[in-house]
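Below you'll find the structure, written out as structure tokens, and then a few comments.
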Amino acid sequence: MGRISLLGSTGSIGTQALDVVDCTQGKVAALTAHRSIKRMEEQIRRYRPEYAALSDEAAARDLKVRVADTGCRIGSGPRGVCEAAQLADVDTVLNAVVGIAGLLPTMAAIEAGNRRLALANKETLVAGGSLVMDAARKAGVEILPVDSEHSAIFQCLQGKAPNGALKRILLTASGGPFFGKTREELKEITPAQALRHPNWEMGAKITIDSATLMNKGLELIEAVWLFGLTPEQVHIVVHRESVVHSMVEYDDHSVIAQMGVPDMRIPIQYALTYPNRIKSPVEELNFDNYPALTFSKPDEDTFRCLPICREAIRRGGLFPATANGANEQAVALFLEGKIGFLDIADLVERAMQGQPKVERPTLEQVLEADSAARAQVRSSI
């Protein structure tokens, strides 16, 4: 596995990545988080990285005092996180930062070159798709997906024919906790109800996105950039059991699926050890526990975030960044109890109206679009 710089080490993906490190003899060179002082101190003392950073500067000052005896150098703020992404002699940067905050560290890792980028931060490609992919190609940086669905697609494509006869990909969705409910039933949904995902243990933001199907919309956009597809080549299938993580269909109508128990340590380990496959801490998939596997179409009339995201990537330019920024702000307001569950999609759609067409946005334009979308959502309540 080599030396790893783990961005977002105290979150759900980060802690599961460290589980994988424990089983694979990897070396943690750097750790970053937002403001989780206690957990970061525990990780520093256990994994002995040479560098760690907290994006919250006050928390970073506190951490520096707490771990002064370890010899670990402490950075702070967004610049400190980017420094971790560019640390010398690192083989893989795993970006598990939540939200648009992960874009700058992604660009920093690509700028450093000569390393692999394991990407769990989907907002990086949603907001800055062309920017990120162009930079990675020029720098010769390999991007490996960590999302379970995109990892599944990547794995299915390993046997792709040399003539590239790929017809489409099929991204599976659990349907979230409100599968089958009507818009009327969703009007009074509380944050506590939305945070009860049926299959996966995830952070709050991604769990709400799964409940609205925004997460699947963001994954659709991410897939377009990762695999060089059109939006029409990305098909969404609701699969309640979360055993088939995604599929690819070729021109001869053969469909290849990647399957496993719903455990994020599988795609994390694959990204960190690719192209090798080694023993995993995850339990085996026992088909005796799954007498039936079901598949159905998503209800896009009720869960409108999905078609909104499809429209955003069709329009391109800054539309995906606007949709993502508006959603992040709307989810925060929902978790604070300031808006309703159905308001999330309404606010995202409203933020996209009037967005100017920009063919190949710069990093500054992406960040400005994100900021403007957030401001519009805040001003609307």
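The values are calculated or read from the model by the stated rules, or taken from the named source; none is laboratory data. Here the structure is a predicted model, which means the values were calculated and not measured. Neighbour counts run over all protein chains shown; Cβ positions are idealised from the backbone, glycine included. Each accessible area value is taken on the protein alone, full model and side chains, heavy atoms only, with ligands, DNA and RNA left out. Shrake-Rupley method; radii C 1.70, N 1.55, O 1.52, S 1.80 Å.
Give, rounded to the nearest 20 debye, the magnitude of the charge dipole that the range 1-49 has about its Cα centre when Lys and Arg contribute +1 at Cβ and Asp and Glu contribute -1 at Cβ.
On the way: 8 positive and 4 negative charges, 38 e Å.
Computed about the Cα centre, the dipole is about 180 debye.
Can you tell which of VAL20, VAL244, VAL67 shows the greatest fluctuation in a Gaussian network model of the chain with Cα springs below 10 Å?
VAL67
For LYS338, tell me the accessible area in Å² from a 1.4 Å probe, rounded to the nearest 10.
Using a 1.4 Å probe on the heavy atoms, I get roughly 120 Å².
What is the distance in Å between the Cα centres of the range 211-270 and the range 1-15?
23 Å
Multiply the residue gap between LEU293 and LEU229 by 0.36 nm, knock off their C-alpha separation, and tell me the result in nm, one decimal place. List each step's numbers first, then the result.
On the way: separation 64, 0.36 × 64 = 23.04 nm, distance 2.73 nm.
Contour length minus the Cα-Cα distance gives 20.3 nm.
So how far, in whole Å, is the C-alpha centre of the range 321-381 from the one of the range 289-308?
25 Å
In nanometres, what is the gap between the two model label sites at SER379 and ALA165, each 7 Å from Cα along Cα-to-Cβ?
Reported label-point gap for SER379 and ALA165 is 5.4 nm.
Between ARG61 and THR15, what is 0.36 nm times their sequence separation minus the Cα-Cα distance? Round to one decimal in nm. List each step's numbers first, then the result.
Details: separation 46, 0.36 × 46 = 16.56 nm, distance 2.27 nm.
Taking 0.36 nm per residue and subtracting the Cα distance, the gain is 14.3 nm.
For the range 92-153, with the dipole built from +1 on Lys and Arg beta-carbon atoms and -1 on Asp and Glu ones, taken about the Cα centre, which of ALA96, LEU117, ALA152 lies farthest toward the positive end?
My answer, from the dipole projection, is LEU117.
Between ASP301 and LYS138, take the C-beta separation as r, use R0 = 41 Å, and let me know the FRET efficiency to the nearest 0.05. Display every interim value, and only then the final one.
Details: r = 42 Å, r/R0 = 1.03.
Working from the Cβ atoms, E equals 0.45.
Of ILE381, ILE153, which has the most accessible area and how do the rest follow, probe 1.4 Å? Please report the intermediate quantities before stating the final value.
Details: ILE381 100, ILE153 0 Å².
Ranking ILE381, ILE153 by accessible area, largest first, yields ILE381, ILE153.
Taking +1 at the Cβ of each Lys and Arg and -1 at the Cβ of each Asp and Glu, which of ALA373, VAL255, GLY176 sits farthest along the dipole of the chain towards its positive end, judged by Cα position relative to the Cα centre?
Of the candidates, ALA373 comes out farthest on the positive side.
Give the carbon-plus-sulfur fraction of the accessible surface of the chain in %, rounded to a whole number; probe 1.4 Å, heavy atoms of protein chains only. Display every interim value, and only then the final one.
Numbers: 7900 of 16390 Å².
After summing per-atom areas, the C and S share lands at 48 percent.
State the extension gain, in nm to one decimal, for the chain segment bounded by ASP252 and ARG35, taking 0.36 nm per residue of separation less the distance between their alpha-carbons.
Working: separation 217, 0.36 × 217 = 78.12 nm, distance 5.06 nm.
Gain on extension, ASP252 to ARG35, equals 73.1 nm.
Under a Cβ-Cβ cut-off of 12 Å, what is the net charge of the residues other than THR70 that fall near it, where Lys and Arg count +1 and Asp and Glu count -1?
Numbers: positive: ARG45, ARG46, ARG48, LYS64, ARG66, ARG73; negative: GLU41, GLU42, GLU50, ASP69.
Every neighbour counted, the sum reads +2.
Name the shape class, rounded, prolate or oblate, that the alpha-carbon gyration tensor gives for the chain, where a ≥ b ≥ c are the square roots of its eigenvalues, rounded holds for a/c under 1.5, and otherwise prolate holds if a/b is larger than b/c and oblate otherwise. Provide the component values of the computation, followed by the final result.
Working: a/c = 1.39, a/b = 1.17, b/c = 1.19.
Rounded, because the longest to shortest axis ratio a/c is under 1.5.
Starting from the residue with the highest accessible area, list PHE154, PHE295 in decreasing order, probe 1.4 Å. Mind showing how you got there, number by number?
On the way: PHE154 35, PHE295 100 Å².
Result of the area sort, largest leading: PHE295, PHE154.
Efficiency by 1/(1 + (r/R0)^6): what FRET value for GLU284 and ARG79, r their Cβ-Cβ distance, R0 = 51 Å, to the nearest 0.05?
On the way: r = 44 Å, r/R0 = 0.86.
That gives a FRET efficiency of 0.70.
How much accessible area per residue does the range 1-157 have, counting only protein heavy atoms and a probe of 1.4 Å, in square angstrom? The partial results should precede the final answer.
Working: 5940 Å² over 157 residues.
About 38 Å² of surface per residue is accessible.
Compute the FRET efficiency between LEU195 and ASP346 as 1/(1 + (r/R0)^6), taking r as their Cβ-Cβ distance and R0 = 22 Å, and round to the nearest 0.05.
0.60
Pairs of Cα atoms under 8 Å, at least six residues apart: use those to get the relative contact order of the range 19-65, whole percent. Show your work: numbers first, answer last.
Numbers: 45 pairs, mean separation 19.1, N = 47.
Taking the mean separation of contacting Cα pairs over the length of the range 19-65, I get 41 percent.
Quick check for you: with a 1.4 Å probe and neighbouring chains kept, what is the accessible area per residue of the range 211-357, in Å²? List each step's numbers first, then the result.
On the way: 6180 Å² over 147 residues.
Dividing the accessible area of the range 211-357 by its residue count gives 42 Å².
Considering the dipole of the chain built from charges on the beta carbon (Lys and Arg +1, Asp and Glu -1) around the Cα centre, which of ALA330, VAL28, GLY14 is farthest to its positive end?
Value: VAL28.
With n ≥ 4 as the cut-off for DSSP H runs, can you work out [θ] at 222 nm for the chain, using -39500 (n - 2.57) per run divided by the number of residues, rounded to the nearest 500?
Details: 16 runs with 174 residues, N = 381.
Taking each H run of at least 4 residues, the total per residue is -14000 deg cm²/dmol.
Report the antiparallel proportion of the DSSP beta bridges in the chain as a percent, rounded to a multiple of 5.
On the way: 11 of 41 bridges.
Within the chain, antiparallel bridges account for around 25 percent of the total.
Heavy atoms of the protein only, probe of 1.4 Å, neighbouring chains included. What is the accessible area of LEU166 in Å², nearest 10?
30 Å²
Sorting GLU111, GLU185 by accessible area (1.4 Å probe), largest first, what list results? Intermediate values should be presented prior to the final figure.
On the way: GLU111 145, GLU185 100 Å².
Listed by decreasing accessible area, they come as GLU111, GLU185.
Round to the nearest 10 and report in Å² the accessible area of ASP91, as given by a 1.4 Å probe over the protein chains' heavy atoms.
Surface accessible to solvent at ASP91 totals approximately 80 Å².
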